[in-house]
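> Below is a structure I'd like to ask you about.
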Amino acid sequence: MANKEVEEEGLKKEAVEEEEDDEHGSKERVLQKYFLMEWELVKSLLNDIVSHGRVSDPSSVFKIRSIMDKYQEQGQLLEPYLESIVSPLMFIIRSKTKELGVSSDEILEVIKPVCIIIYSLVTVCGDITSARKYRRDGGEMCDTLWLSILILVPFDISSVDTSIANSKTLDELEPAPLVLRILAFSKDYLSNAGPMRTMAGLLLSRLLTRPDMPKAFTSFVEWTHEVLSSNTDDVMDLFRLLGVVEALAAIFKLLNEGNCSFLRRNLKIVGLAKHVAPRAGSRKVLHDVIPIVWNDISILMKSSTAARSPLLRKYLVKLTQRIGLTCLPYRSPSWRYVGKTSSLGENISVNASGKCNHGADMDSPSQGENSSFLQDEEDMDVPDIVEEIIEMLLTGLKDTDTVVRWSAAKGIGRITSRLTSALSDEVLSSVLELFSPGEGDGSWHGGCLALAELARRGLLLPISFPKVVPVVALHYDIRRGPHSVGSHVRDAAAYVCWAFGRAYYHTDMKEILGQLAPHLLTVACYDREKSSCSCLPRECWKTRNYPHGIDIVNAADYFSLSSRVKSYLHVAVGIAQYEGYLYPFVEELLYNKICHWDKGLRELAAEALSALVKYDPEYFANFVVEKLIPCTLSSDLCMRHGATLAAGELVLALHQCGFALSTDKQKRFVGIVTAIEKARLYRGKGGEIMRAAVSRFIECISLACLFVPEKTKRTLLDTLNENLRHPNSQIQNAAVQALKYFVPAYLVKGDNENLNNMTSKYLEQLTDPNAAARRGSALAIGVLPYEFLAKRWRVILLKLCNSCAIEDKPEDRDAEARVNAVKGLISVCETLTQVREHPDIHSGEDDLSLFLLIKNEVMMSLFKALDDYSVDNRGDVGSWVREAAMDGLEKCTYILFGGIVKQAVEKMDKLREAAAKVLQRILHNKMFFIPFIPYREKLEEIVPNEVDLKWGVPTFSYPQFIQLLQFSCYSRYVLSGLVISIGGLQDSLRKASITALLEYLQSPETEHTEGSSREYKLCTDILWVLQQYKRCDRVIVPTLKGHTPIFCAGVLDSLAVELKATKDFSKLYAGIAILGYIASVPESVNTRAFSHLLTFLGHRYPRYVIRKASAEQVYLVLLQNGELVTEDKMEKALEIISETCWEGDIEEAKQRRLELHDMAGLETGLLPKIGNGASNRDGEKRPTASDENASYSSLVGSTGF
């Protein structure tokens, strides 16, 4: 105890010393010790301002304001510094004003930056706190702030008026001279256009609501009556009207019952709150002046001045509601719904007691009290003026400005809280009348705000939900010309839903949750402005009334919904999987979004509709299709454009889901384009939009492979050709994209004459005088498939090369045509060099001549295009050509060297030697240096500049060029030629190529290797070859023949290591399955795999996994591959496998295994060891366990159980 007392004494002593140190220490130490971390910087900036007598550096004002703004939430942290900051600044203002004079031009430049700093302090610390630090330093704002505190004294105001200190001639209720002076300059400030008007209104409200100011208050009301009655169109009169109405609203707010403790609350700051007496009779004073004020504002509200000023109407509505509150006694209605409380203590007590007392207040009192209270409600006398006030507030809900509607909505809520239940129902009915189809968007917006205020205050009972929920305008969107209005209405409707979730218990919302949920999620996912990203609180979604609520609220969070594309194509698609949301989503897209005025939104809606097809393809194929097809001919441009896009996306999505459309529906889809052309919907307004949509539709039906009659094919092709000639680049690009898939789907299998005619037509248009035709034809040639280019590839390339050059005639010059010619040229080169499905047309010699043409003509044309510096009224349009040419040179470099190195590893010795010499001349040419060759140094090492190199010898050339597999830009070309050599019939060539490939794979990685391992890249490239050359037996057969044995042998080597003596039954089971597959392959490696598989028939793990699984695999292998066992022994082998009990004695299993070895002709001594037993320490082999349970227990133990 003694030690504890000593410790406490020491702590007290330290505290006292610390206080003394703070009190008597230097002021700078105290300031640095507490609160403001940036005080040193602020102090240095202030010192600079004081030393110069003005703000010399404008950035210092910004720095000080940015520091002060950090303390917006905790302004009291700045209070210790206010005097140090304000005093020198006010000294500058006072001294400069005296020195320069008020009328000086320089005074504003000096004072304005200083006043900005002071204003930032007021916004952070508050007016009362800042005014105390201003002392008596003058200035309009400072005087007003100071007086607003001075008049809060709890004594007679005359006691602080020195002018009447020795005079006793003043009447008891006569205003003191000080009051008269305050009233005089406050009235002047009410005409101010700046913040002084609001400050003057605040000062007047605090002054005139004092109990000793009845005469001053009456005099002020008479003056306001004169002002309100004599309004003119003068600008100054308008500002005075604003100030007078604002001051009256502030006065009624302070004198209204429920706010009478304002003075007490403010005087608590100065420690005088206990001296303030209740304001008896203050409401009586207001009641005496209400008729005069109400008559004035009723007339003013209907005047042209109010019609022109939204701010005046806002203040009038605010004053109106406060007059209404004054006329009604303050009461807490018993019929009000008592829902969730904002008090943490009350929530904890309710949860601890396990009771949930919610509902109307009238349920809580006893029956006697309840009946007496209801009797009081029936006897409640409501003044006639209240009805007029409510009518004006209802009119304010339909105002054209949001600020007025918002103020009116709050007034409706406040006044309704003081009415009886019956009267509140009448108010609700009047609010619901605002949701009439004939009303404007302002009426709907104001009605939603009013409903939200009623719900927030518990004045909207759950029994009214059936009337209220249907009018919540979550989908309000009214088309007006080229745009629509309604986002503010949907925002207000979302606010209503938020108020429901915050005010009511989920049990009371059970009925409406099911109605609101699909609509809320529909708006959250598909609304253009994202009006209801989080309308309902998370607690509502987490109730059992909301299935999958947690998953939905996690998926549809604010950040996911902030991206429109992500919201449409990912969030909504994820939510649609839950029951009850798919069909509302589809209806929203079908009826509201594909016909939206925003073109981008229609395109996105079509994609979103197709993304939902996978959940119910039959519903889309039947119901949605029937709705869309007629809409493609709608008279409304937005509707037919969106319906055409949606129809195409829908067909494609149904095809991707594997849903087969009936013949009748296919005919209807295919006939959409013909019907649009017959209706002449390409003409007039919106024709360009429809052309792009039709091109996308043709692309979709081509990808979906719908049946198209020959006549319709010609119609669709003519449509695409017309779009290719259109001057709009977007339409041309859409047509080119459609042609890319339309031609392979419907024209490739046609006769050669049509193919030649189509190609010739596009070639002729390359020299057409119409620039748009030249642009479209160049792009069209670039997307033609190989069949259209094979016969005339040389002519096509040369024509495109000529089109890349600047036109001779100045009137024919078109930069876009040259850009498209470059792009088409590169696309044709890629098609000719990558596709090899017609070996009868394309021989190796032609390949080499193609690459020579690319080198000599195509690349030279691209180099010439780099000198295109054409200029027109748009600027340097030649830069577009140069940019396209640079991209083309890069691709041509890959094509050129890729194609040549492909020939360097193919099966013909002559071609390999020719390709190597071409590479040698390109790389080591002394006259022309070709830039941009990827990995040039490595290529020069592989192809050195030596004369007597034997490139035709496989053992020399393959090890050299196989090194290019490590570079992604060459690997696919090399492999596409290498597979033909590896899978060829010539044994020496095959051995040399396989040996080179295996040596490359086994060699260590070099610094040139890109990214993944060599094995992974090789597998990826082989898959690319199989995809690129599908159905081309010239490439596919050698690929399969050459690489299957290599990979199978490598897999067997890995399995021999991994399966030896392992106890992991999952690895064993997987390995047995792989061995069974390899043993079934008709290659030489299958015998080795079959031998390894047979060893597992005598494994120590008998049941369920190893021996039985091995027997099943052996049986399947023998059925699939009859070469492993001779035909006369096959039946006997199958009989042994099927009749042997492999789960039984291991010795019997081994005996049967030896019989199968003999039938297959395998050598038993060369079989791999799989570890059927274990050696003891003496080197003697332990006896193998014949007990099934013992061996199985070993298996179970090895798995960790």
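The values are calculated or read from the model by the stated rules, or taken from the named source; none is laboratory data. What you are looking at is a predicted structure, and each value in this text was computed from that prediction instead of being measured. Cβ coordinates were reconstructed from backbone atoms using ideal geometry, including for glycine residues, and neighbour counts include every protein chain displayed. The protein model used for the area step is the full one, side chains on, heavy atoms only, and it has no ligands, DNA or RNA in it. Shrake-Rupley method; radii C 1.70, N 1.55, O 1.52, S 1.80 Å.
> Any idea of CYS1019's accessible area? Nearest 10 Å², probe 1.4 Å.
Answer for CYS1019: close to 60 Å² accessible.
> Using a 1.4 Å probe, what is the accessible area per residue for segment 28-127, in Å²? Intermediate values should be presented prior to the final figure.
Values: 5580 Å² over 100 residues.
The answer is 56 Å² per residue.
> Answer rounded, prolate or oblate for segment 626-749, using the Cα gyration tensor with square roots of eigenvalues a ≥ b ≥ c: rounded when a/c is under 1.5, else prolate when a/b is larger than b/c, else oblate. Mind showing how you got there, number by number?
Working: a/c = 1.63, a/b = 1.16, b/c = 1.41.
Judged from the Cα gyration tensor, segment 626-749 comes out oblate (a/c at least 1.5, b/c at or above a/b).
> So for segment 28-127, if I pair up every lysine 8 or more residues apart or on another chain, how many of those pairs have alpha-carbons under 29 Å apart?
14
> Could you do me a favour and compute the accessible area per residue for segment 558-675, 1.4 Å probe, result in Å²?
Numbers: 4780 Å² over 118 residues.
For segment 558-675, the per-residue accessible area is 40 Å².
> Might you work out the accessible area of MET886 for me, using a 1.4 Å probe with all protein chains in place, and round it to the nearest 10 Å²?
110
> For the peptides 773-779, 202-208, what is the packing order when you average, over each peptide's residues, the other Cβ atoms within 10 Å and list the highest mean first? Show your work: numbers first, answer last.
Numbers: 773-779: 26.7, 202-208: 23.9.
Most protected by this proxy first, the peptides run 773-779, 202-208.
> Moving to a separate point now. Can you pull the percent of segment 626-749's accessible area that's carbon plus sulfur, 1.4 Å probe, other chains left in place?
Working: 2810 of 5480 Å².
Answer for segment 626-749 is 51 percent, counting heavy atoms of protein chains only.
> Classify segment 28-127: rounded, prolate or oblate, from the alpha-carbon gyration tensor (a ≥ b ≥ c, eigenvalue square roots; a/c under 1.5 rounded; otherwise prolate if a/b is larger than b/c)? Please report the intermediate quantities before stating the final value.
Numbers: a/c = 2.06, a/b = 1.81, b/c = 1.14.
Prolate is the answer for segment 28-127, as a/c is 1.5 or above and a/b outweighs b/c.
> Hey, can you rank 789-796, 688-695, 997-1004 by average C-beta count inside 10 Å, highest first? Write out the running numbers ahead of the final one.
Values: 789-796: 16.8, 688-695: 24.0, 997-1004: 13.2.
The packing order, highest mean first, is 688-695, 789-796, 997-1004.
> Also, quick follow-up: Under a Cβ-Cβ cut-off of 12 Å, what is the net charge of the residues other than VAL694 that fall near it, where Lys and Arg count +1 and Asp and Glu count -1? Mind showing how you got there, number by number?
Details: positive: ARG640, ARG691, ARG696; negative: GLU677, GLU688, GLU699, ASP718, GLU722.
For residues surrounding VAL694, the net value is -2.
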